[in-house]
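The block underneath contains the structure these notes are about, expressed in structure tokens.
The values are calculated or read from the model by the stated rules, or taken from the named source; none is laboratory data. Being a predicted model, the structure only gives us computed values, none of them experimental. Neighbour counts are summed over all protein chains in view; Cβ atoms, including those assigned to glycine, are modelled from backbone coordinates with ideal geometry.
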Amino acid sequence: MKISRQGRSPPLAPRRSLAVFAAAYALGELWLGLVGKTLDFLMTLHEGGWLGKTYKPFYVILVGAGQAILIITGLSVVFRRKNSGAVNATT
């Protein structure tokens, strides 16, 4: 099954934002010396707390589904290359 480039991007958007907020939290704490409310705000964004108790589970499911899509498509690429006899470019 071939998925167009436009079809791959929307399911992975929450995953990208999750990574950005996690990196901002870590860098803010370690390099910028941020503490308290600023870090709490970044963690709320990272965890989807801004959605409230009603919608936060949907955010978690969407992020998990995005991760599953990444794993499945990555494995399909690896197995497709392995079965086609393609030579690794690094060797």
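Miscellaneous remarks
- Restricting the first member to the stretch 54-73 and to residues that are farther than 15 Å from LEU18 by Cα, and the second to residues that are at pLDDT below 85, the beta-carbon pairs closer than 9 Å and six or more apart or on different chains are TYR55/GLY48; ILE69/ARG8; ILE69/PRO11; ILE69/LEU12; ILE69/ARG15; THR73/ILE3; THR73/ARG8.
- Residue in the stretch 49-66 that is in a helix (DSSP H, G or I), among the polar types (S, T, N, Q) and either under 23 Å from ALA24 (Cα atoms) or modelled with pLDDT under 85 (or both) present: no
- The stretch 24-37 residues that are modelled with pLDDT of 80 or more, paired with ones that are part of a loop (DSSP other than H, G, I, E, B) and not charged (D, E, K, R) (beta carbon under 6 Å, 6 or more apart): GLY28/LEU34
- Check on THR44, at negative phi, hydroxyl-bearing (Ser, Thr, Tyr) and touching a Phe, Trp or Tyr at 6+ places or on another chain (Cβ under 7 Å): yes
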